[in-house]
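The values are calculated or read from the model by the stated rules, or taken from the named source; none is laboratory data. Predicted model, so just to flag it, every value in this text is computed and none were measured. Cβ: placed from backbone, ideal geometry, glycine included. Neighbour counts: every protein chain shown. With ligands, DNA and RNA removed, areas are computed over all heavy atoms of the protein, side chains included. Shrake-Rupley method; radii C 1.70, N 1.55, O 1.52, S 1.80 Å.
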Amino acid sequence: MPPSPAVPASTATPPLSPPITVALLSGGLDSATAAALALEEGHRVIGLSFDYGQRHRRELEAAAAVATSLGLAEHQVIQVNLAAWGGSSLTDSAIPVPGDGVQAGVIPSTYVPGRNTVFIALGLSLAEARGAERVALGVNAVDYSGYPDCRPDYLAAFQTLADLATRAGREGHGPRLWAPLVTWSKAEIARQALRLGVPIATTWSCYQGGAAPCGVCDSCRIRDAALIEAGRPDLATPGLRCGSAGADVR
């Protein structure tokens with residue numbers, strides 16, 4: 001019997017694995033939108049959330065729900081107890097959350113010392129371990145409370161540190177800090193969230209730890225104002241006032 005003809009080797013190019021993004025996912029509107037933008041670009045997105053002793057632990061439930069709704073590849077939750085030393089109204093129940101709007105030139109008590117520095121460092125660790133191209137951040141420098149760790153100069157300095165502090169960075173392919181919303185208005189973030197199908201009703205931005213948003217903290221005020229401006233007042237806190245002053249709504 002003559003030998004069977006050889007089967008020619010396939011010339012098809014094997015499919016490329018999608019790039020990976022680690023998204024810091026707080027459960028708020030901004031971080032959910034940043035994660036959705038990465039998904040839109042075709043990235044495999046790993047969500048990373050932090051249980052840091054925050055009074056508004058409700059945001060962790062929201063983060064898990066957002067991760068499921070967006071179809072993230074993974075969702076990691078890390079415990080980092082920043083409440084052990086307090087220093088913020090978000091981590092110390094003895095310090096009241098301000099409800100009278102943003103004071104110009106004053107960093108409010110809702111600033112958590114070192115929070116973003118700790119979170120980004122852990123995000124870079126996960127990104128390097130998983131071979132991720134970037135770490136997605138929902139920080140915003142337009143509508144914010146003057147937090148020092150939500151500003152472009154902070155992000156640029158941290159990128160320099162990341163390039164020096166990681167093996168991948170030293171080899172020239174370290175993860176990039178990606179903050180697509182940093183210069184957007186809050187209303188534009190809301191509009192993009194609507195376009196991307198972000199489950200806005202599932203997200204949580206309120207600084208209080210109640211069962212429903214308070215509607216008066218800085219974060220609620222700016223979220224509500226943005227949703228109203230974006231044409232979706234039905235998604236704002238019902239029956240409560242909102243203002244135009246900025247806040248860090250992650």
Just one of [x] 0.99; [y] 0.93; [z] 1.08 is Rg/Rh (Cα atoms, Kirkwood Rh) as worked out from the coordinates here. Which one is it? [z]
Accessible surface ranking that places the most exposed of ILE46, ILE107, ILE95 first, with a 1.4 angstrom probe: ILE107, ILE95, ILE46
Mind pulling the angle between the C-alpha long axis of helix 218-229 and the longest principal axis of the chain? Nearest 10 degrees, somewhere in 0 to 90. 70 degrees
For GLU133, the accessible surface traced by a 1.4 Å probe with all protein chains present amounts, in square angstrom to the nearest 10, to 100 Å²
Cα-based helix-to-principal-axis angle, 186-196 vs the chain, degrees rounded to 10: 40 degrees
Is there a quick way to get the dipole size of the chain? I mean about its Cα centre, with the Cβ of Lys and Arg at +1 and of Asp and Glu at -1; what is the value in debye to the nearest 20? 160 debye
In whole Hz and in residue order, list the ³J(HN,Hα) couplings for region 57-67 that follow from phi through the Karplus curve 6.51 cos²θ - 1.76 cosθ + 1.60, θ = phi - 60°; x for Gly and Pro. 5, 4, 5, 5, 4, 5, 4, 5, 5, 5, 4
Structure-based [θ]222 nm, the chain - -39500 (n - 2.57) summed over DSSP H runs of at least 4, per residue, nearest 500: -10000 deg cm²/dmol
In terms of modelled amide H atoms, which long-range or inter-chain residues lie less than 5 Å from the amide H of ILE78? SER49, PHE50, ASP51
So with the 1.4 Å probe, I'd like the accessible area per residue for the chain, rounded to whole Å². 46 Å²
Which order do you get for HIS173, HIS56 if you rank them by accessible area with a 1.4 Å probe, largest at the top? HIS173, HIS56
